[in-house]
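The values are calculated or read from the model by the stated rules, or taken from the named source; none is laboratory data. Remember, it's a predicted structure, so these values are computed and weren't measured experimentally. Glycine also receives a Cβ, built like all others from the backbone with ideal geometry; neighbour counts cover every protein chain displayed.
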Amino acid sequence: MKIIAFSSICYDYFPEKNVAVPGGNSLNFAVQINAFEGTEVALAGFIGTDQAAGEILELCLQKGIDTRFLVQLKGNTATNKLYITSEGERFSKPGEWQNGVKDNGIFTEKTWDFILAHDIISLTCNDRHLDELIQRRTKNNFVSVDFMHFDTTDLIGRYLPGIDIAFVSPENRGLRLLKELAFTANKPVVVMLGEEGSVAFYGGSEYRQKAFKVGKVIDTTGCGDAYQAGFCYALNHSATPEEAMYLATETATKVLKGYGGIIQS
């Protein structure tokens, strides 16, 4: 199975912990799904020519992730400063995200050909390539979109007919509207609720999965990305929704044990 993620690739800084690690939704997803048997994983997007870019490329080399279309542009890689509560919950502050060269390049036809040759395509809802992907995709592509903390159901309703699955971590817990969107579009919507577990609206039914009990939570960064990796992998291996949610929760739980979203302990 061939999987590609783009183009949220950055370097995460935890200034209060004096820790810095490669990160971003796409990189976290790629690393986590790459751990499953029978996967060929690639990244696409734009990173800089700085030390952060070098560490990202080195990580991908170690993991066997294809970076042929992860293009380096002169300048800085996107960065994010993250903070952790005493309970391990991650949060950010306004102005701490630095976009770097992330949006300075464009995907060539060769890049698009490469992307569309993959079975699973993962990206975020605010990726500037999403509209073009929906226009170009074929029935052979399984498109997974992370709507993150966006609470607007209008955004999900706009894109849901053109993709295969939507993941969302809503702050207002508006499950009724998300359920209606999923059932109307006949597309799965998976709601990730942190310590409250997860809910999937799938095929006209509602499924729930409790969060696993863990000891001390170090950092929740990347848990959603890991959950999506586990879910997409399972669903594309003929798993039931319940089985997919279980594997997704198991995968996400591992990330709680360290800083950043590339932990696999």
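Residue by residue through segment 240-265, note down the ones that are within 12 Å of the chain's Cα centre (by Cα) and assigned to a loop (DSSP other than H, G, I, E, B).
261, 262
Among the strands (runs of 3 or more DSSP E) confined wholly to segment 1-108, which include 2 or more residues that are in contact with a helix residue (DSSP H, G or I) (Cβ under 6 Å, 6 or more places away or on another chain)?
In segment 1-108, the matching strands (runs of 3 or more DSSP E) lie at 2-5, 40-47, 66-72.
Select, from 9, 3, 33, the only residue that is touching a His at 6+ places or on another chain (Cβ under 7 Å) and either of a type outside the set (Phe, Trp, Tyr) or within 21 Å of residue 230 (Cβ to Cβ) (or both).
On the way: 9 fails: touching a His at 6+ places or on another chain (Cβ under 7 Å); 33 fails: touching a His at 6+ places or on another chain (Cβ under 7 Å).
Of 9, 3, 33, the one residue that is touching a His at 6+ places or on another chain (Cβ under 7 Å) and either of a type outside the set (Phe, Trp, Tyr) or within 21 Å of residue 230 (Cβ to Cβ) (or both) is 3.
For residue 124, are the conditions met, namely being closer than 23 Å to residue 261 by Cα, at pLDDT below 95 and β-branched (Val, Ile, Thr)?
For residue 124, the condition - closer than 23 Å to residue 261 by Cα, at pLDDT below 95 and β-branched (Val, Ile, Thr) - is not met.
Under 28 Å from residue 217 (Cβ atoms) and either surrounded by 24 or more Cβ atoms within 10 Å (Cβ to Cβ) or in contact with a His (Cβ under 6 Å, 6 or more places away or on another chain) (or both), is that true of residue 45?
Answer is no for this residue.
Inspect all residues belonging to segment 20-39 and state whether any of them is farther than 30 Å from residue 195 by Cβ and of a type in the set (S, T, N, Q).
No; the residues of segment 20-39 include none that is farther than 30 Å from residue 195 by Cβ and of a type in the set (S, T, N, Q).
Of everything in segment 26-78, what is closer than 13 Å to residue 118 by Cβ and among the β-branched types (Val, Ile, Thr)? Give them in sequence order.
33, 39, 41, 65
Could you say whether any residue in segment 88-102 is more than 14 Å from the chain's Cα centre (by Cα) and of a type in the set (Val, Ile, Thr)?
Yes, segment 88-102 contains at least one residue that is more than 14 Å from the chain's Cα centre (by Cα) and of a type in the set (Val, Ile, Thr).
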